[in-house]
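The structure under discussion appears below in the form of structure tokens.
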Amino acid sequence: GNTGSNGALHTINAKSGNGAIALATAGSEKFRVDKDGNVTKPLNAMFKAVRTSNQSVSSNGWHVIQYNSDTATGCFDIGSNFDTSNHRFTAPVAGYYHFGLNQRIDGGNGDYFRVAFTVDGATPTGQYPYGHAIYRDSDGFSYYTFSITSLIYLTAGQYVRAEAYSSSDTSWTLQDESQFYGYL
């Protein structure tokens, strides 16, 4: 029930035994405030995906990193917004999303490597507005691990994926020691 107000401010007293206020639509809970003021959204879009095997690459240029499992140990896909067949997360609603990845690359012996996030499949260029990392390979590294994070505003239906780039190497490997994650 509502109690005293000063215009737009209302106090709602929870009638449930646990002191929580829950909002539901279409038969399922979408939002909850518990007795301590903690807010939870059980269907908030989030995922963590990994590679379950190595991805051999036989050319330079940009390549989609094929994160192929969101059910391996430690992985999840709340809301079913990450697609393991095309390796991308599609935003279910407009908002600010945080993304991150750790990706190991083996076999460098050329100029440089990059990893970057892309939105809607656009080729990464310029200032890399969605996040990137670069490593100059001046010593013929055996392996290198990239780590990037980024906050990206997406409208509903836009997608994000991770890509890797080799300037000159034509034989390199995206290792299974990797992860890609994001959340609203």
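Please label the shape of the stretch 141-184 as rounded, prolate or oblate, based on the square roots a ≥ b ≥ c of the eigenvalues of the alpha-carbon gyration tensor (a/c under 1.5 means rounded; beyond that, a/b larger than b/c means prolate, else oblate).
The shape class here is prolate.
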Against the globular-protein guess of 2.2 N^0.38 Å, express the Cα radius of gyration of the chain as a ratio, rounded to two decimals. 1.33
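Checking the a/c ratio against 1.5 first, then a/b against b/c, what shape does the Cα gyration tensor give for the stretch 27-123?
Prolate.
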Hey, what's the stretch 38-184 come to in accessible area per residue, 1.4 Å probe, Å²? 47
Among Tyr96, Phe146, Ser69, the residue whose Cα sits farthest towards the positive end of the charge dipole of the stretch 65-184 (+1 at Cβ of Lys and Arg, -1 at Cβ of Asp and Glu, taken about the Cα centre) is Tyr96
Quick one: if you stick a label point 7 Å off each Cα along the C-beta vector at Asp120 and Ser56, how many nm between them? 3.7
For Phe76, which sequence-distant residues (separation of 5 or more, or a different chain) have an amide H within less than 5 Å of its own amide H, given hydrogens modelled in the peptide plane? Lys48
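Computing the accessible area with a 1.4 Å probe over protein heavy atoms, can you report the carbon and sulfur percentage for the chain? Present the calculation step by step, with values, prior to reporting the outcome.
On the way: 4700 of 9810 Å².
Carbon plus sulfur share of accessible area: 48 percent.
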Highest-MSF residue in the chain out of Ile148, Ile21, Ile105 [GNM, Cα springs under 10 Å]: Ile21
Between Asn38 and His98, Cβ-based FRET efficiency (R0 25 Å, step 0.05) works out to 0.80
With x for Gly and Pro, the residue-by-residue ³J(HN,Hα) of the stretch 147-155, computed from phi through the Karplus equation 6.51 cos²θ - 1.76 cosθ + 1.60 at θ = phi - 60° and given in whole Hz, is 9, 9, 9, 7, 9, 10, 7, 10, 8
Would you look at the GNM of the chain, springs on alpha carbons closer than 10 Å, and say which of Arg114, Arg161, Arg32 moves the most? Arg32
Tell me the Rg and the Dmax, in Å, that the Cα atoms of the stretch 15-54 produce. 15.6, 54
Report the label-to-label distance for Ser142 and Thr73 in nanometres (one decimal), using points 7 Å from each Cα along the Cα→Cβ vector. 2.4
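For the full complex of protein chains and a 1.4 angstrom probe, list Tyr97, Tyr165 by accessible area with the highest value first.
On the way: Tyr97 0, Tyr165 50 Å².
Output order, biggest surface exposure first: Tyr165, Tyr97.
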Residue by residue through the stretch 65-77, the couplings from Karplus 6.51 cos²θ - 1.76 cosθ + 1.60 with θ = phi - 60°, in Hz, x for Gly and Pro, are 7, 8, 6, 10, 9, 10, 10, 5, 3, x, 9, 6, 8
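The values are calculated or read from the model by the stated rules, or taken from the named source; none is laboratory data. Here the structure is a predicted model, which means the values were calculated and not measured. A quick note on method: Cβ atoms are made from the backbone with ideal geometry, for glycine too, and the neighbour counts reach across all protein chains shown. When the accessible area is computed, the model is the full protein with side chains, heavy atoms only, and any ligands, DNA or RNA have been set aside. Shrake-Rupley method; radii C 1.70, N 1.55, O 1.52, S 1.80 Å.
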